[in-house]
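Peer 1: Can you read through this structure? Questions will come right after.
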Amino acid sequence: MALTEKDLIELRDERHADYMHEARTTRAIGHLTLTLKQLAPSVSASFSPNLHRWMREKAHFYKGGGVLQTVYRIKSNTSLAKDFGADTLMIGYPDSPDENGFSGIRLMAALCNGSKAGRFYYIGIATMLEEVEGFWDNYLKVGRCAIDPAHRESFMADRYTMDGDTRMCLWCGAKHERVMTPRTVFDESWNSL
């Protein structure tokens, strides 16, 4: 017998409730009130169209609002840090305490590829991740600056306004001053004798 969408949602909710009980977690994971509509790029230019597509296709939203997914940072000095790099951001949720599993993907993959990025189930990595506290609330305030607060990444959107040697982020209001550092460069070539 095939499961209906309603059956799948109930099963997911039961699995999540079991996980929360077994892990003896004192609070729910994810965001309790977030809706897909709030993440739409039409709401703010700072919101990622690809992240919105990934969330629409791959995320687990609850009927009354809220989402199971949140963002986690890979802890340094773990085998996962050797594979993906320490401080790499992942989006998803911990699952199945007996497998120490995590269902999700690297956040940068979702930002670059949208729903084409897929979703993976990783066995044995949940304890190598730490939740980025308040990620969704911060994202709703400053958009992609929540992912790149140091302003080192380039995004496919107008992010700055320029005024001489000063730029201001249109998403979070951070200001940066251009610093020109002179360099001496020598080019070496070899000529035939």
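Peer 1: When residues of segment 145-160 are filtered for being buried (at least 20 other Cβ atoms within 10 Å of the Cβ) and closer than 30 Å to ASN100 by Cβ, how many remain?
Peer 2: Within segment 145-160, residues that are buried (at least 20 other Cβ atoms within 10 Å of the Cβ) and closer than 30 Å to ASN100 by Cβ number 2.
Peer 1: I'd like to check which helices (runs of 4 or more DSSP H) are fully inside segment 1-90 and have at least 2 residues that are at pLDDT below 90 and surrounded by 13 or more Cβ atoms within 10 Å (Cβ to Cβ). Give the steps one after another, and end with the answer.
Peer 2: Details: elements: 5-22, 49-58, 79-84.
Passing ranges, in order: 5-22.
Peer 1: Condition test on TYR121, is it closer than 18 Å to TRP54 by Cβ, open to solvent by 30 Å² or more (accessible area, probe 1.4 Å), touching a residue at least 12 places away in the same chain (Cβ under 8 Å) and part of a strand (DSSP E or B)?
Peer 2: Here the answer is yes, as TYR121 does meet what is asked.
Peer 1: Sort out which residues of segment 165-182 are open to solvent by 50 Å² or more (accessible area, probe 1.4 Å), free of Cβ contacts under 8 Å to residues at least 12 places away in the same chain and in a loop (DSSP other than H, G, I, E, B), and write them in order of number.
Peer 2: Listed by number, the residues that qualify are VAL179, MET180, THR181, PRO182.
Peer 1: A follow-up question, please. How many residues does segment 90-131 hold that are closer than 16 Å to LEU68 by Cα, touching a Leu at 6+ places or on another chain (Cβ under 7 Å) and of a type in the set (Val, Ile, Thr)?
Peer 2: Number satisfying all stated conditions: 1.
Peer 1: Looking at (1) in contact (Cβ under 8 Å) with a residue 24 or more places away in the chain; (2) of a type outside the set (A, V, I, L, M, F, W, C); (3) more than 14 Å from ALA45 (Cβ to Cβ), which is the one condition that is false for GLY143?
Peer 2: Checking GLY143 against (1) in contact (Cβ under 8 Å) with a residue 24 or more places away in the chain; (2) of a type outside the set (A, V, I, L, M, F, W, C); (3) more than 14 Å from ALA45 (Cβ to Cβ), the one that fails is (3).
The values are calculated or read from the model by the stated rules, or taken from the named source; none is laboratory data. Quick caveat, the model's predicted, so the values are computed rather than measured. We place every Cβ from the backbone using ideal geometry, glycine too, and count neighbours over all the protein chains shown. When the accessible area is computed, the model is the full protein with side chains, heavy atoms only, and any ligands, DNA or RNA have been set aside. Shrake-Rupley method; radii C 1.70, N 1.55, O 1.52, S 1.80 Å.
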